[in-house]
1. To the nearest 20 debye, what is the magnitude of the charge dipole of the stretch 703-819 about its Cα centre, counting +1 on the Cβ of each Lys and Arg and -1 on the Cβ of each Asp and Glu?
2. Direction-averaged shadow area of the convex hull around the Cα atoms of the stretch 532-587, nm²?
3. Show me 553-560, 289-296 ranked by packing, highest mean number of other Cβ atoms within 10 Å first.
4. Tell me whether the stretch 422-519 comes out rounded, prolate or oblate; compute the Cα gyration tensor, take square roots of the eigenvalues as a ≥ b ≥ c, and use a/c under 1.5 as the rounded threshold.
5. Run the Debye formula on the Cα coordinates of the stretch 440-584, all scatterers equal and no solvent, and tell me log10 I(q)/I(0) at q = 0.08, 0.10, 0.20, 0.21 1/Å.
6. Nearest 10 degrees is fine. How inclined is helix 11-30 to the longest principal axis of the chain, computing both from alpha carbons?
7. With no solvent and one equal point scatterer per Cα, compute the Debye intensity ratio I(q)/I(0) for the chain at 0.06, 0.08 Å⁻¹ and report its log10, rounded to two decimals.
8. Rounded to the nearest 5, what % of the DSSP beta bridges within the chain are antiparallel ones?
Amino acid sequence: MSTPQNSTSNLFPLILNQFLAIFFAFFLLLFGGTVQAQNGILKGTIIESASRLPLPFANVQLQGTPLGATSDINGEFILKNIDPNLYNIIVTCIGYKQQVIQEVIISGTKTTVLNIEMISSSVNLQELEIGVSRFEKVEEAPLSKINIRAAEIMRNPGGNRDISKVIQSFPGVASSVSFRNDLIIRGGAPNENRFYLDGIEVPNINHFATQGSSGGPVGMINVNFINDVDFYSGAFPASRGNTLSSVLEFRQKNGNPDRLAGTLMVGSSDFGLTLDGPASEKGDFIFSLRRSYLQLLFSVLKLPFLPTYNDAQFKFNYRFDKNNTLTFIGLGAIDEFRLNKKANDGEKDQEVIDRNNYILGNLPVNEQWNYTVGLKYSHFSSQGLKQLILSRSTLNNTAQKFKDNDESDPSKQLLDYQSREIENKLRIENFVTKGAYKLSFGLQYEWVQYSNATFTRVYLPSGITTVDYSSSLQLHKGGGYFQVSRSVFKNRLSLSTGLRTDINDYSKEMSNPIDQFSPRFSASYKIKERWYMNVNVGRYFQLPPLTSLGFRDSSGTLVNKTNKLKYITSDHLVAGLEYLSGSNSKISLEGFYKMYRNYPLLIDEQISLANLGSDFGVIGDEAVSSTSKGRSYGLELLLQQSIKNGYYGIVAYTFVRSEFTNGGDKYVPSSWDNRHILSLTGGKQLKKNWEIGLKFRYFSGAPFTPFDRMASAQKEVWDITRSGVPDYNAINTQRLPASHQLDFRIDKKYFLRKTVLNIYLDIQNIYNNTTLLSPFLTVATDQNGVAIEDPSNSNSYLLKELKNESGTILPSIGVMFEF
């Protein structure tokens, strides 16, 4: 189901008009004069990575300032009287590799705490390089890995503090033209991505998720929790399974150890509160709540749909002693999607009326709630790190639709959908250093429960069909992995190899560990000073969505078990060149090739799941077979400059082709075949705590499937579908025009005596570029809204196309108040 984007886009200029006067009046009233900032504090502990023992006499320096400190006999250090700002922290110690912590936020409202691990260096002192670089290489993933700091997320133009939007500044990442947060990585589907918070897997990080996928229009994760994010678009560590396109590892902050602190955030669509502080002498916490008020504005503006989202997030950290810690995290959301049946009251513009009627006619009423809670116990010793991780994730998804939205007449019901997914997970991980070798190994177990009660009437090539079934499924999954890494030839060559396998008891096709044998190998060779050649090969597996595994026919048969559904397989080959300068900059060029096998094919429509696209609703809830093949390949260029002299910038270009088969051997462009993607991001920190940034994005138009107009016009078809029927004989044969936009952001921070005030203005698509999307197909109606019969065919309606555009200027303004 699709939602016209121009209706949503037109909302934001109106929101801006309402907030500008309030916020700038607040700005002028309070800050006409000067303010006195309270200086910040940085403290922490430095330990030796392998032994976990405190490291005395290590030097801590704030780059670009004379401020520094030396760790004491307990490895502890403290710096006081720091002007609030962003700093690079450089840590050095004789016999250990230099550590650089980039863009650490020092605030006058609370103490910044760093716990730093130093790694023993085998390089002679005379060989140590002088310089600072944040782009540290790791043997396990020497390429296709990007680290993103919290400050980068906050300041990203057009990012709206949402990580799913921020990573669109980097190579290999495409997105839909609409307002959704679908992450399309190197030509792969949105459901091929995996997310971890402090090592605990979270199935989805967006509100209004598409079940069976992972996208949605609004991010759930509060950036105030984030310390940094590792984004892998390939070369996945063996510890991370069930993924084909990307892994995002979020490392969250701990709570303020000294006192209770908080942040109040008011934006154009929601408001939120974050609190953090000590929970005891050995514990700390951070907690947030957020509530949207878009539904109120949508109602006032008479838009046809009324979305409401709420979310909560927390982290509790407890230190038993220096070797044992317990982390408890949670993330949850409640989302509601209602229809505004009064949207056309008083409306005179026929185009607006037609568009509203189209939306009201095909969008269901939807409610979702989901949560993840997890416990992580970590034991540090001279032998390394051991972790025990327990988690539980639940998604509850319901949707209903009635013809003419008449809920009083049961005979008009077109859709009644209720589904729940519950995943209980146990994982044991070990990380060990033995001389020059780094080892990691572990086991995992999952108990999955899935239920579904579906009634719907749909159009298939064979005609109108009623789907009416109930299903429940319990699935036991297991997995294990091993990875070893080391450097040789005086650290010029680093090597890493890993093995993994996953099994489950769904069917014999998925229960043999040999069939899911997943090897991977990475190498990085230092060609000359600062120049590296990197390569990775690997085979990766992913379970098809639970919506497919749990689908039953009217007799109760697990259809796709009978169809011998298998794990999806993808073989990756990635190679590239990389230059790491000593001035916080990086240049990389990577080529990739991904080959897919056993991809789900929709049997009735004879199309690959990769060619179905992704929108609100459910993906894969029908009969499928593991008979589609696919391939994606391309080239990526990245030029990145972290903050230097107040400037930062990213240039990212991607060429990608993504093609899949539909029941045969012919490859056709998939829904994720975005071809050319260019992103230019840059900014400057100005005096008096002002900062400005710009982001320009260009991407070729994605393919789409035209309508089968003859089938769409049939009365019995339209009365059920309320939208155009795709012509799957011409799947993805048409392409949208190229799209581009320029985003602008300006921030101003005020450091008061015990508070920090950040006011920002963020404008997406500042020059108001409009992009045509695939049109909507509806029926012509008379003045009373009654569908008009086709004069030449009494069994059909007259059809009418509605223009579908995206690209209206999207301003937003917000205030963040730290106390």
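The values are calculated or read from the model by the stated rules, or taken from the named source; none is laboratory data. Not measured: the values here are computed from a predicted model. Don't worry about glycine lacking a Cβ; one is built from the backbone with ideal geometry, like all the others, and counts go over all protein chains shown. Only protein heavy atoms, including side chains, enter the accessible area calculation; ligands, DNA and RNA are left aside. Shrake-Rupley method; radii C 1.70, N 1.55, O 1.52, S 1.80 Å.
1. Values: 11 positive and 13 negative charges, 162 e Å.
It comes to approximately 780 debye.
2. That works out to 6.0 nm².
3. Numbers: 553-560: 14.2, 289-296: 16.8.
Final packing ranking: 289-296, 553-560.
4. Here the stretch 422-519 falls in the prolate category.
5. -0.40, -0.56, -1.18, -1.24
6. Helix 11-30 and the main axis of the chain meet at about 30 degrees.
7. Normalising to I(0) and taking log10 leaves -0.39, -0.71.
8. 95 percent
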